[in-house]
Ligand code: TYM
């Protein structure tokens, strides 16, 4: 992929000298520490981050400032941030391979967010589907942070001259507005930001709720039966899969008329690595019961090593804390270099 903006943030390289085509592609993605990390997050995002880790120049961020857009408390935010740091390491993100850090540790995110609000239109934020969903007609009461949320996300991405943003389907609109803001900024102040592309996989980009295949599996869903959490014990996983909604009929097949089975087959396929047609062939004529029993065991087996590693990391929180501190130091180098350019372009520097 080529971009029009010269890569300015290669550490140890003179600014304006290396282009993105000569360097490894930069990946940036983020996840909110809002509790209840689930298999949708794993299959739609984190597993892809881990699988592609050695191919790219990666920056992964725990976006605790975004988590402030909905009511939270000091204690829960801190606990959720530590849990998520442990979780990302347990899932296989490697601090030697990727920069992993907590958003508020790099203040440039907040600074760039404010500057980008000046090239953001009120109307384009009002049209964001996530704002419409989360405010759900209560826009007199929700925080202004929920409204400006996409601008902070744009700042996250643009600070690092990001080429690719690996995310689930629900984040596509946020990457699109990021491109719009970058384009507007570049037109007003001169070429400054790289235009990022969303990296959304064909399978797993939208894992649906187990109790309602018309709804996305979500961290904020109050119904425990809707999602499998990474930390669910084996018996809970078995119970949730057993109770998962199915479609009419009894054939284990995917298709537009079978949204529930399509979702369960997608989960099976991603955890087993077998394509959906092969899974359909295995369960031809066997009915939903046999398929669900095996699916539950597959998930139990896939999560077990992550859960073991998570328990080890929980016993020694200093491992994740040190990794995050080191990640923030490295991220800050990029972010500070970029902000120096941005400040100068906007006219915030006098000399
Ligand atoms: P968040 O924390 O809601 O979700 C983290 C990642 O998980 C994906 N995801 C899913 N994928 C498939 N099926 C699902 N049911 C499902 N639920 C969640 C999300 O698409 C996401 O990739 N706004 C972002 C965080 C963010 C960010 C960024 C992302 C802040 N700055 C910059 C990318 C780049 C969010 O709330 O993700």
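Points to keep in mind about this one:
- Residue order, fewest to most beta carbons within 10 Å, for 258, 132: 132, 258
- When each of 83, 161, 329 is scored by the number of other beta-carbon atoms lying within 10 Å, the sequence from fewest to most is 329, 83, 161.
- Taking Cα atoms only, the orientation of helix 74-90 departs from the longest principal axis of the chain by about 70 degrees.
- Percent breakdown of C-alpha pair distances by 10 Å bin, ordered from the shortest bin, for region 233-351: 11, 27, 16, 14, 16, 10, 3, 0
- Fewest-first ordering of 291, 271 by other beta carbons within 10 Å of each residue's beta carbon gives 271, 291.
- Taken over region 266-312, the percentage of Cα pairs per 10 Å bin, counting from 0 up to the bin with the maximum distance, is 25, 48, 19, 8, 0.
- With Cα atoms, 0 to 90° folded angle of helix 259-272 axis to the chain main axis: 80 degrees
- The chain - Rg and Dmax from Cα coordinates, angstrom: 21.2, 76
- Reducing region 296-320 and region 323-351 to their Cα centroids gives an inter-centroid distance of 35 Å.
- Relative to one another, the C-alpha centroids of region 268-290 and region 192-217 are positioned 22 Å apart.
- In degrees, nearest ten, helix 287-315 long axis to first principal axis of the chain (Cα): 50 degrees
- Stretching the chain fully between residue 312 and residue 349 yields a gain of 8.5 nm (0.36 nm per residue, less the alpha carbon separation).
- Over region 72-163, equivalent-ellipsoid semi-axes from the Cα gyration tensor in Å: 27, 19, 12
Values in this text are rule-based calculations from the coordinates and carry no lab data. None of these values were measured; they are calculated from a predicted model. All Cβ positions, glycine included, derive from the backbone under ideal geometry; neighbour counts span all protein chains shown.
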